[in-house]
Amino acid sequence: MGISLLVKNCSELITLAGKHPRKGVEMENIGIIKDGAVAILNEGIECAGKTDEVIKKVEITPKTKTIDATGKLVMPGFVDPHTHLVFAGTRETEFELRLKGLSYEEIAKRGGGIKNTVRATREASEQELLALAKIRLDRILEWGTTTVEIKSGYGLDFENEMKLLRVIHELNRIHPMEIASTFLGAHEVPEEQSKAEYINLIKGMIVEVSKMSLAEFCDVFCERGVFSYDESLEILKFAKGHKLGLKVHADELSTSGGSLLAGKLGAISADHLVYPSPEGLQLMKKRGVVAVLLPGTSLTLKSKNFAPARKLIDMEIPVALATDFNPGTCLIEGMVVIIGLGCLLLGMTPAETITSSTINAACAIGRGDRIGSIEKGKQADIIILNIPNYKHLSYRFTTNFVRYVIKKGKVVVSTE
Ligand code: NIG
Ligand code: FE
């Protein structure tokens with residue numbers, strides 16, 4: 001059968017083919033093919049390799065669309081495995097307060113932070129939230145992200161958490177972006193309830209989320225002043241019992257037991273990890289938990305400390321990168337910017353940041369078998385950038401060089 005799309009003459013084709021998730025020195029292996037090509041049949045990849053070899057192997061018919069990628073970098077679409085992209089309102093005043101020296105936690109204690117966005121999000125209708133999020137997704141797609149995880153967590157009551165999850169579900173239906181949905185009812189304690197009451201309500205919401213298949217994962221903000229280790233354990237155990245995959249906002253602002261919890265429960269990922277404990281990291285390694293690092297958040301929070309990426313890689317814990325896109329602690333849209341920060345703030349190599357934002361990021365949302373690399377049998381999620389090699393990504397991380405975005409074999413963004 002003739003192929004539907006051929007991308008040929010790529011200056012550099014980065015496949016990330018082979019083992020996943022990548023750990024330790026494997027993270028340097030990104031599968032570089034000079035003068036590469038990718039053949040696509042409908043939604044999937046037929047084959048990838050040197051241009052002359054691919055052309056010999058596949059059937060090209062008059063119906064085959066061809067993209068000449070001379071001088072360009074071709075790689076898997078980025079996967080952003082941690083965002084809070086559905087919300088209303090903005091928090092620029094808090095940004096200014098932080099510049100004046102107030103900490104994130106101090107602002108939260110005064111009723112700002114997450115609670116501030118909860119107030120605005122509760123007031124917004126489903127249609128308003130959908131429209132706001134759609135604009136954000138359009139831009140993120142233009143930056144080359146083809147799959148994104150989105151968390152609820154700005155509703156904090158039954159009606160509003162379900163509203164957010166329905167918006168996420170609808171976005172997945174109407175937008176080319178593929179979305180993994182996470183229930184983060186345990187993002188904060190709402191103003192109107194005690195923590196014990198709210199934990200009961202969270203359990204009720206988990207039952208509904210599971211019954212209606214409204215989310216794949218359950219996340220908890222395990223942090224001093226928010227949910228303790230024991231409270232987070234109780235919530236995540238309950239979620240596990242209802243067949244949800246587990247994620248943790250772990251050790252973001254202090255060593256709060258998050259990495260330990262993720263390791264103990266065998267969560268799919270532990271995210272942030274600016275202050276992980278040694279025991280937590282050992283358990284994460286043992287259970288194969290992916291470490292999702294969010295350097296844009298540390299930067300926005302003016303943190304003096306950053307996630308110990310080198311240590312995690314040396315320990316052979318698989319590392320992924322994400323934006324954490326949210327109105328309070330990071331409004332970076334493009335994974336390319338995060339790649340630059342991964343190198344500059346976390347000490348990662350350019351190749352490690354590519355692995356972290358594609359195949360390892362796919363593993364952090366349970367999609368490593370289907371997306372995140374360019375090889376036969378995988379979904380055709382591919383981007384074409386106007387740069388000659390992958391090193392330009394971190395070197396020139398504030399520019400968007402994406403010229404084509406291909407999602408499930410279809411060109412969904414084209415700027416040429
Ligand atoms: O990942 N830490 C909790 N959640 C977000 C921040 C959300 C917010 O401030 O609105 C984070 O940093
Ligand atoms: Fe987050």
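The values are calculated or read from the model by the stated rules, or taken from the named source; none is laboratory data. Remember, predicted model here, so these are calculated numbers, not experimental data. Ideal geometry is used to build each Cβ from the backbone, glycine not excepted, and the neighbour counts take in all protein chains shown. The accessibility values were calculated without ligands, DNA or RNA, using every heavy atom of the protein model including side chains. Shrake-Rupley method; radii C 1.70, N 1.55, O 1.52, S 1.80 Å.
Before moving on, here are some points about what is shown:
- Among the residues of the range 174-213, just one is under 12 Å from F238 (Cβ atoms) and among the hydroxyl-bearing types (S, T, Y), namely S210.
- Selected residue (only one of T61, T51 is in the same structural domain as S394 (by TED's automatic domain parsing) and open to solvent by 20 Å² or more (accessible area, probe 1.4 Å)): T61
- Whichever residue in the range 267-299 is over 26 Å from N29 (Cα atoms) and free of Cβ contacts under 8 Å to residues at least 40 places away in the same chain and, among such residues, is nearest to ligand 1 (Cβ to nearest atom): Y275
- Scope the range 315-324; condition under 9 Å from the mean Cα position of the chain (by Cα) and either more than 23 Å from H392 (Cβ to Cβ) or more than 9 Å from ligand 2 (Cβ to nearest atom) (or both); matching residues: A320, L321, T323, D324
- Within the range 66-85, not a single residue is surrounded by fewer than 24 Cβ atoms within 10 Å (Cβ to Cβ), farther than 30 Å from E12 by Cα and in contact with a helix residue (DSSP H, G or I) (Cβ under 9 Å, 6 or more places away or on another chain).
- Taking (1) touching a Phe, Trp or Tyr at 6+ places or on another chain (Cβ under 8 Å); (2) more than 19 Å from T182 (Cβ to Cβ); (3) in a helix (DSSP H, G or I) in turn, L261 satisfies each apart from (2).
- Of the criteria (1) more than 16 Å from ligand 1 (Cβ to nearest atom); (2) farther than 30 Å from G347 by Cβ; (3) open to solvent by 20 Å² or more (accessible area, probe 1.4 Å), which one S228 fails: (1)
- For V189: the one exception among (1) open to solvent by 30 Å² or more (accessible area, probe 1.4 Å); (2) closer than 16 Å to R122 by Cα: (1)
- Residue match in the range 238-245 (condition: in a strand (DSSP E or B) and either within 15 Å of ligand 1 (Cβ to nearest atom) or open to solvent by 20 Å² or more (accessible area, probe 1.4 Å) (or both)): yes
- Filtered residues of the range 349-377 (kept if part of a loop (DSSP other than H, G, I, E, B), open to solvent by 10 Å² or more (accessible area, probe 1.4 Å) and touching a strand residue (DSSP E or B) at 6+ places or on another chain (Cβ under 8 Å)): G366, R367, R370, E375, K376, G377
- Close pairs (9 angstrom Cβ cut-off, 6 or more residues apart or separate chains): under 22 Å from E208 (Cβ atoms) in the range 243-256, of a type in the set (S, T, Y) and open to solvent by 20 Å² or more (accessible area, probe 1.4 Å) anywhere: K243/S210; L244/S210
- If you go through the range 222-237 and keep only what is among the acidic types (D, E) and not in a loop (DSSP other than H, G, I, E, B), you end up with D230, E231, E234.
- Residues that are part of a loop (DSSP other than H, G, I, E, B) and over 15 Å from N389 (Cβ atoms) within the range 17-46 comprise A17, G18, K19, H20, P21, R22, K23, N29, N42, E43, listed in sequence order.
- Counting residues in the range 200-218 that are in the same structural domain as K151 (by TED's automatic domain parsing), assigned to a strand (DSSP E or B) and within 16 Å of ligand 1 (Cβ to nearest atom) gives one or more.
- Subset of the range 140-174 that is among the acidic types (D, E) and part of a helix (DSSP H, G or I) - its residue that is nearest to ligand 2 (Cβ to nearest atom): E161
- Check on E126, in contact (Cβ under 8 Å) with a residue 24 or more places away in the chain, open to solvent by less than 50 Å² (accessible area, probe 1.4 Å) and more than 30 Å from P21 (Cβ to Cβ): no
- The residues of the range 57-84 that are hydrophobic (A, V, I, L, M, F, W, C) and within 28 Å of A351 (Cβ to Cβ), listed by number, are I67, A69, L73, V74, M75, F78, V79.
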